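Each value in this text was obtained by applying a stated rule to the coordinates, not by laboratory testing. Owing to the predicted nature of the structure, the values given are computational and were not obtained by experimental measurement. Here the Cβ positions follow ideal geometry from the backbone for every residue, glycine too, while neighbour counts run over all protein chains shown.
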Amino acid sequence: MSDDAPGSAPRLARLLSAIVAVLLALFAASAVTAPLVALAVRAGLVAPDTTAWQLLRTVVQFAGFFAASLGYLALTDQWDLLRYSRPTLRESGLVAAAAVGLLTLQYGSLFALSRAGLSTGQNQAVVPAGDPVTYYVAMILVSLLIVGPVEEVLFRGVVQGGLRRTFAAVPSIVVAGGLFGVIHLVGVQGTGAERWAYVAIAAGLGCILGYLYERTENLVVPGLAHGAYNATIYALLLVDAF
């Protein structure tokens, strides 16, 4: 991704387009999740407030995210934003290093906040509705196969990739990272300050993933790093659950 890539649209229009893509994903996820999960409950496939119910909600939500991302690309005819290939050995090393970096940033930020007498809100995705062991084991797989890759398609592929057609690397990474942080606001509980502290940390994580995509131009790399980071969080929660 060259910093001198020619702009294909006015900057404001490109920025608004990125925001629309995120809003479209949010709308699609919320529009399909409740009705489809309710249908599964009525059909007797899952019971409310169980592990299966919670996992189904997560999978359907991210299916909505993914469908919205593909729909946006189809409507705007920008399929070339999805740049992916099998990771090389070097890129596999970057995945591992990035996952460690993401974890270091998160726990380092939490430590710094705690030293200042502050804390972040709690992401409801880490709060199991049913059996915690089953939930955390399942979420390790869901994180690797669904959550990480789908969020990277949207925020690094669609959003950051689209911004890079007009903006330089740094603003594209920062804006995409910022939107990635803000989207987590709806799923975090706590005081206003705690929720925004969580958003700030998530935005920083998004910027690391954005840099990784800028460097490799391969969505598989940040997708795997993101998935590995999330999976590690659930693995640590799993250990605590025993």
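What the table below lists for this structure:
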{"quantity": "Relative contact order for the stretch 11-241, counting Cα pairs under 8 Å that sit 6 or more residues apart, in percent", "calculated": "30"}
{"quantity": "Size of charge dipole - the chain - debye, nearest 20, with Cβ of Lys, Arg +1 and Asp, Glu -1, no other charges", "calculated": "200"}
{"quantity": "Crossing angle, helix 89-115 versus the chain [Cα axis fit, 0-90 degrees, rounded to tens]", "calculated": "60"}
{"quantity": "Identified option (computed volume of the Cα convex hull per residue in Å³; candidates (i) 119; (ii) 184; (iii) 134)", "calculated": "(iii)"}
{"quantity": "Proxy reagent accessibility, fewest Cβ within 10 Å first, across LEU24, LEU36", "calculated": "LEU36, LEU24"}
{"quantity": "Burial order of peptide ranges 51-60, 155-164 (average beta-carbon count within 10 Å, highest first)", "calculated": "155-164, 51-60"}
{"quantity": "Inter-label distance, nm, simple model (7 Å from Cα along the C-beta direction), LEU185/ALA97", "calculated": "3.4"}
{"quantity": "Among 106-112, 84-90, the order from most to least packed when residues are scored by Cβ within 10 Å on average", "calculated": "106-112, 84-90"}
{"quantity": "Packing-based exposure ordering (other Cβ within 10 Å, fewest first) of VAL170, VAL221", "calculated": "VAL170, VAL221"}
